[in-house]
Amino acid sequence: MVDRNPSIFKTPPRSLQKRHSSSALSGASPFLTPSRIPSRNFRSSHKKPRMTPSPIVLRYPSSGCQTPLKSGGGGGGDRFIPTRRGMNMEFVRRNLLSEEKRTKGRNEDDEDAVEEKAKQSPAETPIQKEYKRRMMSSLCNIPLDVLDEDAMPRGLLSFNHSGSGVMNAMMDENNVPNGRSPWRTNRIRVEDPYQHDSLRVLQQFESLDDSFATAVRHSDIITRKIPSQPCRILDAPDLVDDYYLNLISWSDDNILAVALAHCVYLWNAGTGEIQHLATIEGEEDYVTSVAWCTVTGQSKYLAIGTNSNVVQLWDTHASKLVRTLRGHTGRVASIAWNQHWLSSGGRDSLIIQNDVRSANPIVARYRAHEQEVCGLKWNEDGTALASGGNENYLCIWDAKMSSRQRDSPFTSYVAPRLLLKQHKAAVKALDWCPFNRGLLASGGGTADRTIKLWNSNSGAMLKSIDTGSQVCSVLWSKHQRELCSSHGFSENQLILWKYGNRSSLTKVKELTGHTARILSLACSPDGSTVVSAAGDESLRFWNVFGSAPQTSRSVLPMGDLTFGMPTIR
């Protein structure tokens, strides 16, 4: 059959005829490929043909084919193919989203409100600016050397002839050694040109250079000046050198109670006055522990544990013995207050809960330890009690379990919620973290030498630090993320620790001066000063925690080291 479509019999345009004749003379095919449209290559019959060159050939990993070139081989390709080598879609997308947010904010707020917000917003610190630059470089595939301090590329739209602009640096690879553009220095070279548009994941912290990693680590380091010398030294003759005793306590009224052999003295940190409170009678008797009442408005009461197995409750304003609590069959080495409850731990391995308001004060008896209970500490909200013993046990008790034993406190005992046995020596040093609920710090004796951090809810040990010496006491700062520990042989030093991310402890400074082991620590009411009692019969006051953010006034009337040693009695 013959197709009668008259369009195929039409005479082709004169420009095509001329094209066919020139092609036939050169030996090329007289037919055009379907992709070639004459109107794109020829504007008029009397003009010279012009084609858009394509200097770059793109290859894909899935196919070995390439864009066809002009058959004559002399120059560019047959059509325009854009290159995405100079595009950075992540940065463009980020700028578009940021501009939308800024535009939306300007529409919602008037100019005065925007200016007021700008004034109230704090200025960025150098470490924050550097972190912002690193984030921009990693997320948007931008070399760090072309970002300014505000994390913006330098000369992003600069097309000058000197090639100083960023876009010129992106495209001009002939001026760079090895033929690589500085824009692509930190980028992963891929065959697929569309793969650069995928979002990238921030590299691990270890991949950052040493300078930035060091700056981040130093952000957790204490920048304030920590005095190396004590601001005050007091002589404490006859202070009993016994690891298991707790012989000092600092009240909310800024009064320090110190037990010296069979006597108890009170030292007013504001005025420097010294008062003799009590003397324990008996040749074999002496003071084994002291603790101030923590009930608001009742801080005048002081509990005194003795070697004669009793606890005495004293009114310090009247210098009068108010009550004597019995129940232990061994010396009372540790005492802790929880509102109107007084907890006492003895050498008989028992912990007794006393309600000082009741005629029959014993509320409950805790039993889990096998030897002397030398450490007791209630958490801040009074719901959990931590206890440490000479048999290396650390126990966590719930306060609500004590109320169940009110009817029969002498016939039944309360068991601990958690019994932790990871320590290898006696556990005396205990303190609850004030800024992280449920975090407990404990320290072990000579055979252990470690400070351990615990999750008191699950019993998991979060961190264990080998200090190299006996840990006698630990104390958290009230307004800093810091911990102070006291140690025995061989350095007899205090160590200040910085609490960081992932429950890390970084040693900040060591404070030396004592010539015997530091038995106990106590903190001032404002949280700035720590007092240490040591076996060398001295008390030293250290400004290790610094002043609270809202005040710079210390509880001590002096600020410099006092030469000479005034006695505590």
Note on the stretch 541-569: residues at pLDDT below 95 and of a type in the set (F, W, Y) are F545, F563
Checking the structure you have, find out if any residue of the stretch 400-414 is in contact with a strand residue (DSSP E or B) (Cβ under 6 Å, 6 or more places away or on another chain), part of a strand (DSSP E or B), of a type in the set (A, V, I, L, M) and at pLDDT below 95.
yes
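Yes or no, residue by residue, for (1) in a strand (DSSP E or B); (2) open to solvent by 10 Å² or more (accessible area, probe 1.4 Å); (3) touching a strand residue (DSSP E or B) at 6+ places or on another chain (Cβ under 8 Å); (4) within 20 Å of L440 (Cα to Cα):
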position: N492; (1), (2), (3), (4): no, yes, yes, no
position: T506; (1), (2), (3), (4): yes, yes, yes, yes
position: T515; (1), (2), (3), (4): no, yes, yes, no
position: L521; (1), (2), (3), (4): yes, yes, yes, yes
position: A533; (1), (2), (3), (4): yes, no, yes, no
Residues of the stretch 464-484 being part of a strand (DSSP E or B) and either in contact with a Gly (Cβ under 6 Å, 6 or more places away or on another chain) or over 17 Å from I226 (Cα atoms) (or both), in sequence order, are S464, I465, D466, V471, C472, S473, V474
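Does the stretch 343-351 contain at least one residue that is exposed (fewer than 15 other Cβ atoms within 10 Å of the Cβ), touching a residue at least 40 places away in the same chain (Cβ under 8 Å), within 17 Å of W292 (Cα to Cα) and not β-branched (V, I, T)?
Here is the first cut: in the stretch 343-351, the residues exposed (fewer than 15 other Cβ atoms within 10 Å of the Cβ) are none.
No, the stretch 343-351 has no match at all.
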Scanning the stretch 309-324 residue by residue, those of a type outside the set (K, R), surrounded by fewer than 20 Cβ atoms within 10 Å (Cβ to Cβ) and at negative phi turn out to be V310, L313, D315, H317, A318, L321, V322, T324
Going by the structure shown, is G305 open to solvent by 30 Å² or more (accessible area, probe 1.4 Å) and either assigned to a loop (DSSP other than H, G, I, E, B) or modelled with pLDDT of 95 or more (or both)?
-> no
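May I ask you to verify whether A364 is touching a helix residue (DSSP H, G or I) at 6+ places or on another chain (Cβ under 6 Å), open to solvent by less than 30 Å² (accessible area, probe 1.4 Å) and of a type in the set (A, V, I, L, M)? Talk me through it step by step, then tell me what you get.
Working: touching a helix residue (DSSP H, G or I) at 6+ places or on another chain (Cβ under 6 Å): yes; open to solvent by less than 30 Å² (accessible area, probe 1.4 Å): yes; of a type in the set (A, V, I, L, M): yes.
Judged against the criteria, A364 is a match.
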Restricting attention to the stretch 284-302, the residues that are closer than 17 Å to N354 by Cα and assigned to a loop (DSSP other than H, G, I, E, B) number exactly 4
Selection from the stretch 243-283 of residues free of Cβ contacts under 8 Å to residues at least 24 places away in the same chain and assigned to a loop (DSSP other than H, G, I, E, B) yields E273, E281, E283
When S547 is run through (1) in contact with a strand residue (DSSP E or B) (Cβ under 8 Å, 6 or more places away or on another chain); (2) over 21 Å from L245 (Cβ atoms); (3) open to solvent by 10 Å² or more (accessible area, probe 1.4 Å); (4) hydroxyl-bearing (S, T, Y), the failure sits at (1)
Subset of the stretch 434-449, residues of a type in the set (S, T, Y) and surrounded by 20 or more Cβ atoms within 10 Å (Cβ to Cβ), comes to S442
Restricting the stretch 495-519 to residues that are in contact (Cβ under 8 Å) with a residue 60 or more places away in the chain and touching a Cys at 6+ places or on another chain (Cβ under 7 Å), the one nearest to S473 (Cα to Cα) turns out to be L519
If we ask which residues in the stretch 487-509 are of a type in the set (V, I, T) and within 16 Å of the chain's Cα centre (by Cα), their number turns out to be 2
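The rows are residues; the columns are (1) farther than 16 Å from S344 by Cα; (2) touching a Leu at 6+ places or on another chain (Cβ under 8 Å).
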{"residue": "K225", "(1), (2)": "yes, no"}
{"residue": "S228", "(1), (2)": "yes, yes"}
{"residue": "R232", "(1), (2)": "yes, yes"}
{"residue": "V264", "(1), (2)": "yes, yes"}
{"residue": "V287", "(1), (2)": "no, yes"}
{"residue": "G297", "(1), (2)": "yes, no"}
Counting only residues that are closer than 14 Å to P434 by Cα and part of a strand (DSSP E or B), the stretch 367-392 contains a total of 3
### Task
Could you tell me whether S538 is modelled with pLDDT of 95 or more, hydroxyl-bearing (S, T, Y) and surrounded by 15 or more Cβ atoms within 10 Å (Cβ to Cβ)?
yes
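Can you pull out the residues in the stretch 443-498 that are aromatic (F, W, Y) and at pLDDT below 95?
From the stretch 443-498, those aromatic (F, W, Y) are 454, 476, 489, 497; that's our starting set.
Within the stretch 443-498, just F489 meets the criteria.
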All conditions in (1) out of contact with any Cys (no Cβ under 9 Å at 6 or more places or on another chain); (2) open to solvent by 10 Å² or more (accessible area, probe 1.4 Å); (3) touching a residue at least 12 places away in the same chain (Cβ under 8 Å) are true of G375 except (2)
Checked against (1) more than 18 Å from L342 (Cα to Cα); (2) in contact (Cβ under 8 Å) with a residue 12 or more places away in the chain; (3) surrounded by fewer than 24 Cβ atoms within 10 Å (Cβ to Cβ), V414 satisfies every condition except (1)
State whether the residues of the stretch 290-300 include one that is open to solvent by less than 30 Å² (accessible area, probe 1.4 Å) and small (G, A, S). yes
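Results for (1) of a type in the set (A, V, I, L, M, F, W, C); (2) in contact (Cβ under 8 Å) with a residue 12 or more places away in the chain; (3) within 27 Å of A399 (Cβ to Cβ), shown as yes or no for each residue.
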site	(1), (2), (3)
K424	no, yes, no
K452	no, yes, yes
N457	no, yes, yes
M461	yes, yes, yes
I465	yes, yes, no
W476	yes, yes, yes
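The values are calculated or read from the model by the stated rules, or taken from the named source; none is laboratory data. These numbers come from a predicted model, not from an experiment. As a convention, Cβ positions derive from the backbone with ideal geometry for all residues, glycine included, and neighbour counts pool all protein chains shown. Ligands, DNA and RNA are stripped out before the accessible areas are found, and what is left, the full protein with its side chains, is counted by its heavy atoms. Shrake-Rupley method; radii C 1.70, N 1.55, O 1.52, S 1.80 Å.
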